[in-house]
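K.L.:
One structure, as structure tokens, below. Some questions next.
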Amino acid sequence: MTRPDAARPGAGTVDAATPEIDAFTRAYWDAAAEGRLLIRRCGACGRAHHYPREFCPYCWSEDVTWEQASGRATLYTWSVIHRNDLPPFGTRVPYTAAVVDLAEGPRMMTEVVGCGEERLRIGMELRVDFRDGEVAVPVFRAAL
């Protein structure tokens, strides 16, 4: 996958870890760059959801708004990845791919960082952090 400007000399390609930002998701990624995690909440049914969509995946209403999440979550499941040939993941192995339950309700795919595999437990409390790079990406750490 390449960015639209990749045909220009010197333009790069998007690696597997760099999300594509569009007009709709820009608010999410701008908040991440500021150290804030956003979710979407439906005004019709009241349910929160993640990943960001322009409509509610539960009732299909378009009455959805951005909301700042608390950043608290619990570990639902995880897998420690020991081999990944896609850049830049190969230089990060081993890493912990995870699914977490946000305090607001939505389940989110992410990565747990700063915590050895031997400490991971279903239901353990986590807090959001952000991996800096071209785009700040939400990751989670063990809560203190």
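The values are calculated or read from the model by the stated rules, or taken from the named source; none is laboratory data. Predicted, not measured: the structure shown is a model, and the values here were computed from it. So basically every Cβ, Gly included, is an ideal-geometry build from the backbone, and we count neighbours across all protein chains shown. Accessible surface areas use protein heavy atoms only, side chains included; no ligands, DNA or RNA. Shrake-Rupley method; radii C 1.70, N 1.55, O 1.52, S 1.80 Å.
K.L.:
So which residues in region 81-108 are of a type in the set (A, V, I, L, M) and loosely packed, with under 11 Cβ neighbours inside 10 Å?
P.N.:
Leu86, the sole residue that qualifies.
K.L.:
Restricting the search to region 1-36, which residues are in a helix (DSSP H, G or I) and either at pLDDT 50 or above or of a type in the set (Val, Ile, Thr) (or both)? So that I can check it myself, show each step before the final result.
P.N.:
To start, the set of residues in region 1-36 that are in a helix (DSSP H, G or I) comprises 4-7, 26-33.
Arg26, Ala27, Tyr28, Trp29, Asp30, Ala31, Ala32, Ala33, listed by residue number.
K.L.:
While we're on this one: Look through region 41-87, keep the residues that are in contact with a helix residue (DSSP H, G or I) (Cβ under 9 Å, 6 or more places away or on another chain) and assigned to a loop (DSSP other than H, G, I, E, B), and return whichever of them is nearest to Asp22 (Cα to Cα).
P.N.:
Residue satisfying both the conditions and the ranking: Pro52.
K.L.:
Starting from region 13-25, keep only residues that are more than 21 Å from Arg53 (Cβ to Cβ) and open to solvent by less than 70 Å² (accessible area, probe 1.4 Å), then list their pairs with residues that are modelled with pLDDT of 80 or more and outside any loop (DSSP other than H, G, I, E, B) whose Cβ atoms are within a distance under 7 Å, requiring at least 6 positions of separation or different chains.
P.N.:
Final answer for the pair search is Ala16/Phe89; Ala17/Phe89.
K.L.:
While we're on this one: In region 57-69, how many are within 19 Å of Leu126 (Cα to Cα) and open to solvent by 60 Å² or more (accessible area, probe 1.4 Å)?
P.N.:
The qualifying residues number 1.
K.L.:
Separate question: Got a sec? Which of Pro57, Pro87, Pro52 is modelled with pLDDT under 95, in contact with a strand residue (DSSP E or B) (Cβ under 6 Å, 6 or more places away or on another chain) and not polar (S, T, N, Q)? Walk me through it before giving the result.
P.N.:
Values: Pro57 fails: modelled with pLDDT under 95; Pro87 fails: in contact with a strand residue (DSSP E or B) (Cβ under 6 Å, 6 or more places away or on another chain).
From the options Pro57, Pro87, Pro52, the qualifying one is Pro52.
K.L.:
Quick check: is even one residue across region 49-56 within 22 Å of Gly133 (Cβ to Cβ), among the aromatic types (Phe, Trp, Tyr) and surrounded by fewer than 16 Cβ atoms within 10 Å (Cβ to Cβ)? Give the steps one after another, and end with the answer.
P.N.:
Initially, region 49-56 is screened for residues within 22 Å of Gly133 (Cβ to Cβ), giving 50-52.
Filter once more, keeping what is among the aromatic types (Phe, Trp, Tyr): 51.
Still in the list and also surrounded by fewer than 16 Cβ atoms within 10 Å (Cβ to Cβ): 51.
Within region 49-56 (the criterion being within 22 Å of Gly133 (Cβ to Cβ), among the aromatic types (Phe, Trp, Tyr) and surrounded by fewer than 16 Cβ atoms within 10 Å (Cβ to Cβ)), the answer is yes, since at least one residue qualifies.
K.L.:
Quickly run through region 68-101 and pick out the residues that are acidic (Asp, Glu) and in contact with a Phe, Trp or Tyr (Cβ under 9 Å, 6 or more places away or on another chain).
P.N.:
Filtering region 68-101 for residues acidic (Asp, Glu) gives 85, 101.
Listed by number, the list holds a single entry, Asp101.
K.L.:
So, one more: How many residues does region 118-144 hold that are open to solvent by 100 Å² or more (accessible area, probe 1.4 Å) and either touching a strand residue (DSSP E or B) at 6+ places or on another chain (Cβ under 9 Å) or in a strand (DSSP E or B) (or both)? Walk me through how you get there before you give the answer.
P.N.:
Taking region 118-144 and keeping what is open to solvent by 100 Å² or more (accessible area, probe 1.4 Å), we get 118-119, 121-122, 125, 132, 134, 144.
Narrowing further to those that are either touching a strand residue (DSSP E or B) at 6+ places or on another chain (Cβ under 9 Å) or in a strand (DSSP E or B) (or both): 119, 121-122, 125, 144.
Residues flagged as open to solvent by 100 Å² or more (accessible area, probe 1.4 Å) and either touching a strand residue (DSSP E or B) at 6+ places or on another chain (Cβ under 9 Å) or in a strand (DSSP E or B) (or both) within region 118-144 amount to 5.
K.L.:
Might you check whether a residue that is over 22 Å from Leu38 (Cα atoms) and among the aromatic types (Phe, Trp, Tyr) occurs anywhere in region 80-94?
P.N.:
Here is the first cut: in region 80-94, the residues over 22 Å from Leu38 (Cα atoms) are 80-94.
Then drop every residue that is not among the aromatic types (Phe, Trp, Tyr), which leaves 89.
Within region 80-94, one or more residues are over 22 Å from Leu38 (Cα atoms) and among the aromatic types (Phe, Trp, Tyr).
K.L.:
A further question follows. Among the numbered criteria (1) assigned to a loop (DSSP other than H, G, I, E, B); (2) among the β-branched types (Val, Ile, Thr); (3) more than 19 Å from Trp29 (Cα to Cα), which single criterion is violated by Val99?
P.N.:
In the conditions (1) assigned to a loop (DSSP other than H, G, I, E, B); (2) among the β-branched types (Val, Ile, Thr); (3) more than 19 Å from Trp29 (Cα to Cα), Val99 misses (1) alone.
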